[in-house]
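For reference, the structure is listed below as structure tokens.
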Amino acid sequence: MDAGSILLDALDAALGPQAAVYALAAIGLNVHLGYAGLLNLGQAGFMLLGGYGLAVTVVLLSGPLWLGVLVGLGLAAAFAVGVGTPTLRLPAAYLAVVTLVGAEVLRRVIGSRAALALTGGVHGLDGFAEAFYDLNPIPPGDYGLWFLAVGSHRRVWVLLVGWALVVFALLLVRALMRSPRGRTLTALRQDDVAAQSLGKNTFAYKLVGLVLGGVIGAAAGILLAIDQQAVHPVTYLPTATLLAYTALILGGVGRLMGPALGAVVLWFTLTAVDTALNHLGTAGTIDLTQIPPWHVQSAVASLALLVLLLYRPHGLLGTPGHIDETTDPSPPSANVR
Amino acid sequence: MVRLGVAVLVCWLGLAGMAVAETGADAGSGLASELPRIMRGLIDGIRLGLLVAVAAVGLTLIFATSRLVSFAHGELAALGALLAFFLNTGVLGPQLHLIPAAVIAIFAAAVLGTALELGVWRRLRAYGSGPLRVHATAIALAMFLHSILGLAWFRLMPGGALAPFHDYAVQRPLLLGPIRVTPRDLVVISLASLALAGVLVILRHSRVGKMMRAVADSPDLAASSGISVQAVHAHVWLLGGGLAALGGVFLGVTDGISAVMGLRVLALILPAVIVGGLGSVPGAIVGSLMVGTVAEVSALWVSADLALVAVLVVMAVVLQLRPQGLLARSGGATAGPPVRAMRMKAR
């Protein structure tokens with residue numbers, strides 16, 4: 001077991017495009033859970049709409065890259081309105097159920113045989129990302145940072161754009177949540193009834209919050225599609241939502257930098273575990289043919305999330321008690337008893 | 001209620017319209033010749049509905065007593081099926097007959113459910129956790145169980161995919177009029193109905209059932225009547241876990257076992273309890289039957305994936321028009337009339 005190479009791999013992944021993708025997804029969830037007090041269990045669905053919106057527009061309609069991005073973001077906004085309208089006036093669990101079922105149905109429909117002509121069905125789509133890489137101003141070659149080999153000029157381009165998007169999203173969220181309307185949104189998370197009695201349309205605020213977080217999630221999906229240069233139904237299983245949540249809770253829900261920090265730490269940890277397992281496998285200590293990597297990833301992440309939620313729900317940066325501050329607005333009383 | 005009835009009628013007319021359009025497309029075939037297929041779809045739908053109901057009833061009871069939507073319930077059903085599969089068909093297992101294997105699996109799931117209540121939900125309740133934290137924990141738990149079961153399935157069936165139990169796998173169907181059913185379908189339908197009837201009887205007439213209903217109505221009143229609310233929660237999870245596993249075994253018998261069946265089951269029981277009314281046991285049964293028939297009848301003309309869209313539409317319509325569900329009273333209900341606070345012997 002080479003600790004050095006494990007650490008290098010982990011560091012490389014922690015600063016890599018996948019970490020940026022899940023940082024974005026977690027920022028979207030932070031808007032939902034941390035600021036608006038909504039439990040969206042279908043972030044994978046928003047990511048899927050972003051990625052497939054881009055892919056279908058470019059591949060099928062031969063549209064330009066910017067149009068594909070707009071389509072992806074627009075579909076996510078529509079999905080948010082669709083799931084939010086029947087559920088935002090109800091207790092929190094209803095949105096959770098509808099987003100979970102909705103995202104899974106979306107994934108199944110897009111991967112179905114009937115949608116083959118539109119979405120590539122089970123095989124997915126590819127060949128839509130070249131327009132992005134054509135914009136690359138970095139000269140060809142391999143790049144590194146001191147001891148860390150970052151990769152080809154293509155990867156550096158994705159990294160730069162990805163993390164720039166993360167910074168942009170953070171600044172956007174910061175600006176919005178500090179605005180008067182943003183403050184209303186966070187206030188109604190803590191006391192919905194008080195906000196209503198002041199005449200605030202809490203339903204509208206929550207819906208806007210849901211749309212905003214969902215659109216950021218779609219941006220994450222677009223970045224993922226560009227990094228992988230393909231979209232595939234199996235990428236958008238609820239596991240994606242789980243990873244985003246683990247990143248969010250680990251970093252600290254309700255704090256601005258929480259999701260970004262959480263994504264970096266999570267990706268570091270998951271890659272370290274993965275590489276360590278690989279080393280054990282090649283050394284013959286364990287039999288790797290028996291273990292599919294994706295299940296190990298989600299097992300580690302979900303266990304971490306469980307432990308965090310039970311013992312330290314505020315994670316690294318968060319304030320204790322933040323996550324318990326919401327009460328459901330309508331009867332029956334929904335604090336767990 | 002009238003609006004809801006109209007909406008459901010519209011959904012069914014839509015489905016019927018699809019059927020007519022489909023048959024009209026085939027030259028020379030009429031609706032009459034489609035009738036056996038539709039009958040088959042209805043039978044399959046009722047069967048699926050009953051099996052889903054067995055698992056859904058546990059979910060709705062858990063919600064009734066603790067206001068928690070247990071997302072892990074699908075995985076508990078899958079655990080039941082997988083454990084029974086390992087004991088029955090697994091190469092490394094004891095190769096038991098399906099019935100003892102199922103009994104062991106149900107017992108194990110019931111124990112796990114109780115352990116979850118004692119170790120997880122009781123702790124969160126003691127912290128005074130809000131609904132966000134509790135439901136986030138529920139989904140984390142579900143995903144954890146899903147990963148563990150996925151890893152286990154990969155060991156048992158390295159090819160992945162779907163597999164049947166060793167027993168009752170291949171049967172010759174009987175002919176009852178225009179419909180063909182296998183004996184195992186009939187057995188499964190009867191056993192599921194028996195289980196559901198048993199739950200209703202327990203809730204209405206047994207002491208434990210009355211205590212469950214009391215806690216569902218008002219934990220404070222129940223506690224002040226001398227009922228141990230903590231014990232009731234443990235019993236609800238015992239029952240819920242066992243029922244989930246039973247439903248999982250039934251579904252494994254009729255549809256086969258796979259690593260992803262937990263998610264598939266969840267995608268059926270969640271709409272079922274929402275349509276029927278979260279917290280209402282008869283509602284869970286009615287909702288499951290509706291979801292089952294909508295799914296199977298739609299699957300006659302579209303693939304199974306798209307049939308789920310019809311289920312989602314029904315759920316969305318119910319949420320929009322009658323969010324508390326078809327059979328729930330506005331305050332959230334359980335089977336039977338509310339138990340008045342009466343003096344009960346402290347346990």
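Taken together, the values in this text are just the output of simple stated rules run on the coordinates, not laboratory data. Keep in mind it's a predicted model, so treat the numbers as computed, not measured. Note that we place each Cβ from the backbone using ideal geometry, even for glycine, and neighbour counts take in every protein chain shown.
Observations, loosely collected:
- Dipole axis of the range A:1-140 (+1 Lys, Arg; -1 Asp, Glu on Cβ), positive-most option in A:Ser62, A:Leu33, A:Val101: A:Val101
- Fewest-first sequence of A:Met177, B:Met143, B:Met39, B:Met315 by Cβ atoms within 10 Å of each Cβ: B:Met39, A:Met177, B:Met315, B:Met143
- Under the Karplus curve 6.51 cos²θ - 1.76 cosθ + 1.60, θ = phi - 60°, whole-Hz ³J(HN,Hα) for the range A:187-201, x wherever Gly or Pro sits: 5, 6, 5, 7, 8, 5, 5, 4, 5, 5, 5, 8, x, 7, 7
- Exposure proxy for A:His153, A:His314: other Cβ atoms within 10 Å of each Cβ, ordered fewest to most, give A:His153, A:His314.
- Cα gyration tensor shape for the range B:241-313, rounded if a/c is under 1.5, else prolate or oblate: oblate
- Cα centroid of the range A:235-257 to Cα centroid of the range B:40-93, whole Å: 28
- Förster-model FRET efficiency, 51 Å R0, A:Ala164 and B:Val201, C-beta, rounded to 0.05: 0.20
- Stokes-Einstein D for the range A:47-118, Kirkwood Rh over Cα pairs, 4 °C, 1.567 mPa s (µm²/s): 98
- A cut-off of 5 Å between modelled amide H atoms, ignoring neighbours fewer than 5 places along the same chain, links B:Leu326 with B:Gly276, B:Gly277.
- Using distinct alpha-carbon pairs, which all enter the 1/r mean, Kirkwood radius of the protein assembly as shown in Å: 26.1
- The residue list A:Met177, A:Gly51, A:Ala149 was ranked by how far each Cα lies along the charge dipole of chain A toward its positive end, using unit charges on Cβ atoms, and A:Met177 comes out on top.
- Counting other Cβ atoms within 10 Å as a rough exposure proxy, the listed residues B:His233, A:His232 run A:His232, B:His233 from fewest neighbours to most.
- Taken residue by residue and averaged, Cβ atoms of other chains lying within 10 Å of the Cβ of A:204-211 number 0.
- A:Ser62/A:Ala204 FRET efficiency (R0 25 Å; Cβ-Cβ; nearest 0.05): 0.10
- Quarter of Cα convex hull surface for chain A, i.e. mean projection, nm²: 18.9
- In this entry, the range A:1-48 is assigned a mean projected area of 4.5 nm², taken as a quarter of its C-alpha convex hull surface.
- Extreme residue, positive dipole direction of the range B:78-229, given options B:Ala223, B:Ile106, B:Leu82 (C-beta unit charges): B:Ala223
- Three-way shape label, the range B:37-116, alpha-carbon gyration tensor, a/c 1.5: oblate
- The range B:37-134 - charge dipole about Cα centre, Lys and Arg +1 at Cβ, Asp and Glu -1, debye rounded to 20: 280
- Sparse-neighbour loop sites [chymotrypsin sites (Phe, Trp or Tyr not before Pro); the range A:79-148; at most 12 other C-beta within 10 Å; DSSP]: A:Trp146, A:Phe147
- Backbone amide hydrogens, once placed in the peptide plane, bring A:Val150 within less than 5 Å of A:Tyr143, A:Gly144, A:Leu145, excluding anything fewer than 5 places away on its chain.
- Between 0 and 90°, nearest 10: helix A:43-59 axis offset from chain A longest Cα axis: 60
- Averaging the Cα positions of each part gives two centres, and for the range B:235-295 and the range A:152-196 these lie 38 Å apart.
- For chain A, the relative contact order works out to 32 percent when only alpha carbon pairs closer than 8 Å and six or more residues apart are counted.
- Placing a label point 7 Å from the Cα of B:Ser228 along the Cα-to-Cβ direction, the residues of the range B:119-135 whose backbone N falls under 16 Å of that point are B:119, B:122.
- Note on A:Thr319/B:Met39: beta-carbon distance plugged into 1/(1 + (r/R0)^6) with R0 of 51 Å gives a FRET efficiency of 0.30.
- Across the range A:167-173, rounded Karplus estimates of 3J(HN,Hα) from the backbone phi angles (6.51 cos²θ - 1.76 cosθ + 1.60, θ = phi - 60°) give 4, 4, 4, 4, 5, 4, 4 Hz, Gly and Pro being marked x.
- Highest-MSF residue in chain A out of A:Leu306, A:Leu165, A:Leu100 [GNM, Cα springs under 10 Å]: A:Leu306
- For the range A:109-117, 3J(HN,Hα) computed residue by residue from phi via the Karplus equation (6.51, -1.76, 1.60; θ = phi - 60°) reads 5, 5, x, 7, 5, 5, 8, 3, 5 Hz, glycine and proline entered as x.
- Shape metrics for the range B:160-315, restricted to C-alpha atoms - Rg then Dmax, Å: 18.3, 57
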